Amino acid sequence: MGTADTKIHLEPRRRVLPNGLTIVAARKSSAPTVAVTCAFELNRLHEPEGKAGLAHMLGQMFDEGTASHSSEELAELVEGYGGHLSTGGNGATVQFAAEDIDVAADVLVEVVRTPTFPEDELRRAQALTIAEIQSDLDEPRTVASLAFRKLVYGEHPFGRPAKGDPQSVAGLCREDLVGFHSAWCTPDNAVVVAVGDLDPDRLLDLLQNRFDDWKGSAPAYPEQPYPADPTECVKQHIEQDKSQVQVFLGHKGIRRTDPDFYKLRVMDHILGSGPGFTSRIARKLRDEQGLCYAVGAGITGSAGREPGLFSAYIGTSPGQEQQAIEGFLAEMKLIREEPCTAQELADVQAYLTGSFVWALERNASLAGFLLRVERFGLGEDYLDRLPELIRAVTPEDVMESARKHLHPDAYYLVTLGP
């Protein structure tokens with residue numbers, strides 16, 4: 001897997017073990033290091049009723065004690081090898097010198113397979129998470145963003161904050177974590193990816209040796225219907241005496257597997273998520289009208305297994321919010337009604353095909369890239385095809401996909417300010 005655009009040559013190997021675990025390994029020789037990540041399919045849909053924030057808490061607790069080491073011992077072990085361990089709601093990643101791959105693999109197996117969720121560490125993590133939630137609620141932009149998400153998703157689990165709320169987090173107990181880990185942290189619900197200066201087949205053999213005795217099977221993926229889309233503008237204003245007005249405008253977005261994804265990726269950068277020279281919204285609302293410093297819009301950035309959001313955001317001065325809202329809607333309508341210019345398209349295509357390589361320089365980033373390739377079934381030649389997929393987009397594609405997926409007459413609007 002390689003391309004002249006990226007100057008990255010990869011020949012990943014893929015293996016599915018009898019227990020259902022998928023392992024992917026690739027060699028990258030630019031540095032004598034290795035990164036290995038184990039990721040589970042976990043999101044808010046998996047959380048039991050009344051247990052909001054459980055997936056996030058699991059991520060905080062993976063490295064807080066295992067069957068073999070306390071959290072302090074684990075930290076000392078990793079630091080002693082000059083390695084790095086990071087954990088989150090979807091799993092864990094280790095980064096070590098390539099010569100220490102055996103230690104790296106052992107650490108990863110420990111934290112994802114045998115966390116013990118000690119009571120004292122859980123109480124500390126709960127206190128820290130509740131403090132983070134309360135800090136988030138002191139940020140006007142975050143408050144407006146959470147209200148916008150709730151308005152779009154309604155009672156669907158995606159309408160909740162990922163961290164939960166102070167009450168739900170305080171109510172979590174060790175048994176919740178043990179049960180959640182047992183149910184969903186199983187080989188058939190996991191992907192392990194290794195990237196580094198090592199032979200891929202050796203990596204596959206080593207990881208298979210560590211993981212082939214892993215047992216367990218996850219329940220069926222939980223599905224839940226989404227609320228009906230709006231038929232007009234649905235507004236919510238949050239009154240706060242602030243020096244800025246926060247504005248979020250948009251609606252439900254797309255899944256990562258949507259066939260229009262690459263057309264919409266190009267559209268995003270023309271409309272509102274590209275650098276200033278390629279983004280109409282930034283150029284007009286920020287540079288020409290001077291309404292703000294921070295502004296943007298997009299639909300593909302949040303796309304995942306479940307539908308993300310189309311959202312347009314601006315922070316502006318009181319009294320200017322209506323001008324900003326009208327600016328958003330005007331640009332949404334224009335990109336639906338008229339093809340973009342050849343120069344706009346060429347600028348965005350050059351940027352997208354030339355910039356994504358920088359996100360793949362580090363082994364951990366490349367492991368994350370290969371994880372997404374596996375998770376969304378993008379194919380082993382995806383790195384080769386990505387520039388072609390972007391270059392194939394036409395001005396008519398941008399207009400037609402915008403017409404299909406942007407709804408300037410039926411959207412949600414949240415404002416926060418005086």
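Restricting to the stretch 305-326, name every residue that is open to solvent by less than 40 Å² (accessible area, probe 1.4 Å) and hydroxyl-bearing (Ser, Thr, Tyr).
Residues of the stretch 305-326 that are open to solvent by less than 40 Å² (accessible area, probe 1.4 Å), as a first pass: 306-316, 324-325.
Ser311, Tyr313, Thr316 - these are the residues of the stretch 305-326 that are open to solvent by less than 40 Å² (accessible area, probe 1.4 Å) and hydroxyl-bearing (Ser, Thr, Tyr).
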Kindly establish whether Ala359 is without any contact (Cβ under 8 Å) to a residue 24 or more places away in the chain and either open to solvent by 50 Å² or more (accessible area, probe 1.4 Å) or charged (D, E, K, R) (or both). yes
Could you list, in sequence order, the residues of the stretch 101-110 that are surrounded by fewer than 20 Cβ atoms within 10 Å (Cβ to Cβ), in contact (Cβ under 8 Å) with a residue 60 or more places away in the chain and within 21 Å of Ser29 (Cβ to Cβ)? Asp102
Pair list, Cβ under 8 Å, 6 or more apart: the stretch 173-186 residue under 16 Å from Asn19 (Cβ atoms) and touching a residue at least 40 places away in the same chain (Cβ under 8 Å), other residue among the β-branched types (Val, Ile, Thr) and assigned to a helix (DSSP H, G or I): Cys185/Val112
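Of everything in the stretch 1-59 that's among the polar types (S, T, N, Q), within 21 Å of the chain's Cα centre (by Cα) and at pLDDT 95 or above, which residue is nearest to Arg362 (Cα to Cα)?
Here is the first cut: in the stretch 1-59, the ones among the polar types (S, T, N, Q) are 3, 6, 19, 22, 29-30, 33, 37, 43.
From what's left, within 21 Å of the chain's Cα centre (by Cα): 22, 37, 43.
Keeping just the survivors that are at pLDDT 95 or above gives 22, 37.
Numbers: Thr22: 22, Thr37: 13 Å.
Taking the candidates together, the pick is Thr37.
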Any residue in the stretch 280-309 that is on the phi < 0 side of the Ramachandran plot and at pLDDT below 90 sitting within a Cβ distance under 8 Å of a residue that is in a helix (DSSP H, G or I) and of a type in the set (S, T, N, Q)? List the pairs, counting only those 6 or more apart or interchain. Gln289/Gln323; Leu291/Gln323
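In contact with an Asp or Glu (Cβ under 8 Å, 6 or more places away or on another chain) and either open to solvent by 10 Å² or more (accessible area, probe 1.4 Å) or closer than 30 Å to Leu416 by Cα (or both) - does that describe any residue in the stretch 327-339? Full working, then the answer.
Let us first name the residues in the stretch 327-339 that are in contact with an Asp or Glu (Cβ under 8 Å, 6 or more places away or on another chain), namely 339.
Narrowing further to those that are either open to solvent by 10 Å² or more (accessible area, probe 1.4 Å) or closer than 30 Å to Leu416 by Cα (or both): 339.
Checked the stretch 327-339: at least one residue is in contact with an Asp or Glu (Cβ under 8 Å, 6 or more places away or on another chain) and either open to solvent by 10 Å² or more (accessible area, probe 1.4 Å) or closer than 30 Å to Leu416 by Cα (or both).
Across the stretch 244-274, which residue is farthest from Leu334 (Cα to Cα) among those that are in contact (Cβ under 8 Å) with a residue 40 or more places away in the chain and small (Gly, Ala, Ser)? So that I can check it myself, show each step before the final result.
Here is the first cut: in the stretch 244-274, the residues in contact (Cβ under 8 Å) with a residue 40 or more places away in the chain are 244-258, 260-267, 269-272, 274.
Then drop every residue that is not small (Gly, Ala, Ser), which leaves 250, 253, 272, 274.
Numbers: Gly250: 16, Gly253: 19, Gly272: 13, Gly274: 17 Å.
Only one residue fits best here, namely Gly253.
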Strands (runs of 3 or more DSSP E) fully within the stretch 225-343 counting 2 or more residues that are touching a Pro at 6+ places or on another chain (Cβ under 7 Å): 245-252
Please enumerate the residues belonging to the stretch 197-218 that are within 26 Å of the chain's Cα centre (by Cα) and open to solvent by 70 Å² or more (accessible area, probe 1.4 Å). Ser217
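The values are calculated or read from the model by the stated rules, or taken from the named source; none is laboratory data. Just so we're clear, the structure is a prediction, and the values are computed from it rather than from any experiment. In this analysis, Cβ positions are derived from the backbone assuming ideal geometry, glycine residues included, and neighbour counts consider all displayed protein chains. With ligands, DNA and RNA removed, areas are computed over all heavy atoms of the protein, side chains included. Shrake-Rupley method; radii C 1.70, N 1.55, O 1.52, S 1.80 Å.
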